[in-house]
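Please treat every number below as a calculation from the coordinates, not as lab data. None of the values given here were measured: they were computed from a predicted structure. Cβ atoms come from the backbone with ideal geometry, glycine included; neighbour counts cover every protein chain shown.
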Amino acid sequence: MRLVQRLPLMANSLATTGLSKTSWQSRPLLSFLRTQTLLNSLSLYPKINYLLLCSCSQSQTSPDFSNLILEQSSKRGPLEPGLYLVATPIGNLEDITLRALRVLKSANVILSEDTRHSGKLLQYYNIKTPLLSYHKFNESQREQTVLNRLKQGEIVALISDAGTPGISDPGTELAKLCVDEKIPVVPIPGASAFVAALSASGLATDEFTFVGFLPKHARSRTERLMLSANEVKTQIFYVPPHKLLQFLEETSLLFGYSRYIRYLKILFLFCQL
């Protein structure tokens, strides 16, 4: 699905563009908006003034074929102990690397934001490694346990619900602790939502600022947006769907009506997992 439409940076623009009568009335899209995150790429160039909406396609990978690939990859020898930051798909199950599958299968334990969600990914690829919940509400309690396991020579994989760990997801503090303790930290590159969106947005990519999620408190959020108002390069925000109107209202006041926002919304379609 693809929709191209002009969207001025004004809070009431959603009512005037006709968007609410098209894609926002779609039941699958509304279901997605209630649970997933909109990726908004903000450009301060007046000429950038249209909206691109796209979705991912469904995976066609055969689990049996994936097992064959894993067997071939495992012939490279055992992995070294350490913390492995493993990028996972952002919707399409084919968007995972052979190396990532090998690490997930070889690890002693996989740290996961949502074990139920990640369990579907592991089940699809027939990976039996045990999962341990690791999210923003319990990471401080888990850190010492994980460090002890790493010091004992275990292979620990860290994944987020989608994309790359540590990028607006848990993982940064654990990686820092491991670096301080001289424990190897190994990134396993792969999908990252903002990189994928930026590459397809048509916005300038030679210089950009990744802002991520804005602060929850109004004063801190305003201070951060004021910094963004003075930037002249592409800026990328993560905005939850229920805060999109608030985001448009605040940015229209701080940035002025002469500037335009383009957002590239990736429908992660987690239901495919």
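Just want the ordering: 136, 243, 105, 151, from fewest to most Cβ atoms lying within 10 Å of their own Cβ.
136, 151, 243, 105
Using +1 on the beta carbon of Lys and Arg, -1 on that of Asp and Glu, and nothing else charged, what's the dipole of the stretch 63-188 about the Cα centre, debye to 20?
For the stretch 63-188, the charge dipole is close to 360 debye.
Treating cross-link reach as a plain straight distance, find the aspartates and glutamates whose alpha-carbon is under 19 Å from the alpha-carbon of residue 216, omitting any fewer than eight places away in the same chain.
Within the straight-line limit of under 19 Å, residue 216 reaches these aspartates and glutamates: 169, 249, 250.
Using the charge dipole of the stretch 178-228 (Lys, Arg: +1 at Cβ; Asp, Glu: -1 at Cβ; taken about the Cα centre), state which of 192, 222, 212 has its Cα farthest towards the positive end.
Checking the options against the dipole of the stretch 178-228, the answer is 222.
Order these by the 10 Å Cβ neighbour count, fewest first: 174, 111, 227.
227, 174, 111
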